[in-house]
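Note sheet for the following structure.
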Amino acid sequence: MTEPTANEYRAARAAHAERLRTLGVDPFGPVGTRFEPTHSVVAARALAPAAGDIDGRSEPVRLAGRIGNLRTSGAKLVFASLFDRSRGEAYQRQRLAGVEAIDGADAKKERGIQLFLEAGRLAAQWDAVQALDLADWIGVMGRVGRTKRGEISLFVESITILGKAFLPPPHQAGADDGQLSAETRARQRYLDLMMSDASLDVFITRSRIVAEVRRFFTERGYLEVETPMMHPIPGGASARPFVTHHNALDLDLYLRIAPELYLKRLLVGGMERVFEINRNFRNEGISPRHNPEFTMIEWYEAYADHHLMMDLSEALFKSIADRVTGSRILRWNGFEVDLDKPWRRISYHDAMKEYGGLDYHDQAAVVAKARELGLTLDDFPSYDRLANEVWEEVVEPHLIQPTFITDQPSWLTPLCKTHPADPAKTLRFELFICRMEVGNAYTELNDPDIQRARFAEQVAEAKAAQDDEAGVVDGMVDDDFCTALDHGLPACGGQGIGIDRLVMLFTGMANIRDVILFPTMRPQG
């Protein structure tokens, strides 16, 4: 038998919508009234009488959701399944409880509720019941009980159509076992969320992680702020910016690559502790760990340093584990990370010696290793940049458990204070977990004269290297930021953590686009 086409499916469902209209029922919800659920679907399941009690019934409840299954049993009885957002939360509880057959019928059954639709109980609405389709949105009122087979069910006493689905769910249209391709999941996230309780769990978890991050900082006396997303001069990070044009001002503006310089201005003004959950844009490649548009939490605290930022990082991760996921064990891409174990702190240069067997200052040995890795000095504007590439190749594969890499070279960090014992190093760290950088922090540079010199060096290096990813455009320097420093930036520490990578770690997702609702995609066709 030939599978119906999308147009044929739509035509059949449109006919059902027209049938509802002839019955005086708006297929897209009654106008002027509102359906108010009293319980979530999963909460309603908990009202069922004990197993074996087929006569017990709950008090009346009102539920709303999408039809997940639909089958007729004779002329007078229809069974359906109803699912709402609580299926994602129930999936998370099952996952954390270690349910093995989490995608099996029994586990999925606990994430929805069976609807018992009987002609005798729904006489006035029975014709409308016949016009229901899979994936329609409905509201129902009834009592929770058990069927003769012991199945927890809502014995429906009235039904309200809330939204007719003109196209079928993917599994009805022929997707194998309801599984969508990775491409479809990312492009049509609504189908992914409709079909996958696991994906819904990821994005519910993401929302709760962001809420916990916000709670964590506000309870520590931080003020949440908003800074511009369009900058006249890009700054705060090394990245190629997106450029746009403001017609009224006849001015090129750059989408934010980092909020750092504006957040520090607020410390100059006396706000002392600030954070921003911000969207940043970097005109660079797309990979399993990079999306051109991404989210960060960035915070700054007066009178602090990067050592306090390390302490805050540990506390933040443990707080998310305790309050959102319920476990301090992270399982990601085959790795198991215990957040309770001491988080290692090791310097950039010591890590290169320990993991790569290389002395950063032994140029002959580093260049030889670079050749072994397929790199040559001619590919880089300086020895330092080549050495850093070698560092990433030989060190990062070992950074699985939480590790703070400290004391990076000064040339890498123009906005950071130098180490008092060695001006070639800075008071900075990067946090790595599961071979992935997830955080970056400084004891912030607050000397305006040194900052101006650093900016000049950055511009000169970018010009010499013809580097359009250095965060420098046409030699522009943010002079107003330097003027702000002239007015006095207190000694302070600051840090940024990528929210997307944070969510990846706590949900076990290996690809960044699986934790971004609508990732950047190449146009189809």
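The values are calculated or read from the model by the stated rules, or taken from the named source; none is laboratory data. Predicted, not measured: the structure shown is a model, and the values here were computed from it. We place every Cβ from the backbone using ideal geometry, glycine too, and count neighbours over all the protein chains shown. The protein model used for the area step is the full one, side chains on, heavy atoms only, and it has no ligands, DNA or RNA in it. Shrake-Rupley method; radii C 1.70, N 1.55, O 1.52, S 1.80 Å.
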Just want to confirm a number: the relative contact order over segment 330-461, from Cα pairs under 8 angstrom separated by 6+ residues, in percent. 22 percent
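Antiparallel versus total DSSP beta bridges in segment 300-417: what percent is that, nearest 5?
50 percent
Quote the relative contact order of the chain in percent (integer), defining contacts as alpha-carbon pairs under 8 Å separated by 6+ residues.
Worked out over the chain, it gives 13 percent.
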Using only Cα atoms, locate the centre of segment 294-360 and the centre of segment 407-462, then give the distance between them in Å, rounded to an integer. 18 Å
What ranking, highest mean first, results for peptides 152-158, 448-454 when packing means the other Cβ atoms within 10 Å averaged over each residue? 152-158, 448-454
Using a 1.4 Å probe, what is the accessible area per residue for segment 172-293, in Å²? 47 Å²
Cα centroid separation - segment 379-396 against segment 76-137, whole Å: 55 Å
For segment 504-510, Karplus couplings with θ = phi - 60° (6.51, -1.76, 1.60), whole Hz, Gly/Pro x: 3, 5, 7, 10, x, 7, 8
Find the relative contact order for segment 223-326 and round it to a whole percent, using C-alpha pairs within less than 8 Å whose residues are 6+ positions apart. 24 percent
Between Arg331 and Ala315, how many nm apart are label points set 7 Å from Cα along the C-beta direction? 3.1 nm
Per residue, how much accessible area does segment 27-144 show when a 1.4 Å probe rolls over the protein heavy atoms, in square angstrom? 51 Å²
What order do you get for 289-301, 390-402 when each peptide is scored by the mean count of other beta carbon atoms within 10 Å, highest first? 289-301, 390-402
Take the residue pairs Lys109/Lys341; Lys76/Lys148; Lys76/Lys109; Lys341/Lys425; Lys318/Lys425; Lys108/Lys341 and return only those whose Cα atoms are more than 26 Å apart. Lys109/Lys341; Lys341/Lys425; Lys318/Lys425; Lys108/Lys341
Binned Cα-Cα distances of segment 1-151, short to long, each 10 Å bin given as a whole percent: 10, 34, 36, 17, 3
Phi angles of segment 26-40, converted by Karplus (6.51 cos²θ - 1.76 cosθ + 1.60, θ = phi - 60°) into ³J(HN,Hα) in whole Hz with x for Gly and Pro, give 6, x, 10, x, x, 8, x, 10, 9, 9, 10, x, 9, 9, 6
Theoretical gain in end-to-end length, Arg121 to Ile102 [0.36 nm per residue, Cα-Cα removed]: 3.4 nm
Taking every DSSP beta bridge that has both residues in the chain, what percent is antiparallel when rounded to the nearest 5? 90 percent
Each residue of segment 73-79 in order: what ³J(HN,Hα) in whole Hz does its phi give by Karplus 6.51 cos²θ - 1.76 cosθ + 1.60, θ = phi - 60°, with x for Gly and Pro? 10, x, 7, 10, 9, 10, 9
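Given a Förster distance of 41 angstrom, what is the FRET efficiency for Thr33 paired with Ile286, based on the Cβ-Cβ distance and rounded to 0.05?
With a Förster radius of 41 Å, E is 0.35.
Can you pull out the trypsin sites (Lys or Arg not before Pro) in segment 122-226 whose DSSP state is coil and whose Cβ has at most 16 other Cβ atoms within 10 Å?
Details: sites: Arg143, Arg146, Lys148, Arg149, Lys164, Arg185, Arg187, Arg189, Arg206, Arg208, Arg214, Arg215, Arg220; in loops: Lys148, Arg149, Lys164, Arg220.
In loop regions of segment 122-226 (DSSP not H, G, I, E or B), the sparsely surrounded trypsin sites (Lys or Arg not before Pro) are Lys148, Arg149, Arg220.
Which FRET efficiency value, to the nearest 0.05, is calculated for Asp474 and His307 with the Förster distance at 30 angstrom and r the Cβ-Cβ distance?
For R0 = 30 Å, the calculated efficiency reads 0.20.
Set the Förster distance to 60 Å, then compute FRET efficiency between Lys148 and Thr184 from the Cβ-Cβ distance, nearest 0.05.
Numbers: r = 40 Å, r/R0 = 0.67.
The computed FRET efficiency comes out at 0.90.
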Between Asp384 and Ala364, what is the label-point separation in nm under the 7 Å Cα-to-beta-carbon projection? 2.4 nm
Find the accessible area per residue for segment 422-525; the probe is 1.4 Å, ligands and nucleic acids are left out, and the unit is Å². 42 Å²
Got a number for carbon plus sulfur as a percent of the chain's accessible area, 1.4 Å probe? 49 percent
Percent of Cα-Cα distances greater than 17 Å, calculated over segment 365-501: 68 percent
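Tell me the Kirkwood radius of segment 77-159: reciprocal of the mean inverse pair distance over distinct alpha-carbon atoms, in Å.
14.0 Å
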If eta is 0.692 mPa s and T is 37 °C, what Stokes-Einstein diffusion coefficient results for the chain, Kirkwood Rh from Cα pairs, in µm²/s? 122 µm²/s
Crossing angle, helix 363-372 versus the chain [Cα axis fit, 0-90 degrees, rounded to tens]: 40 degrees
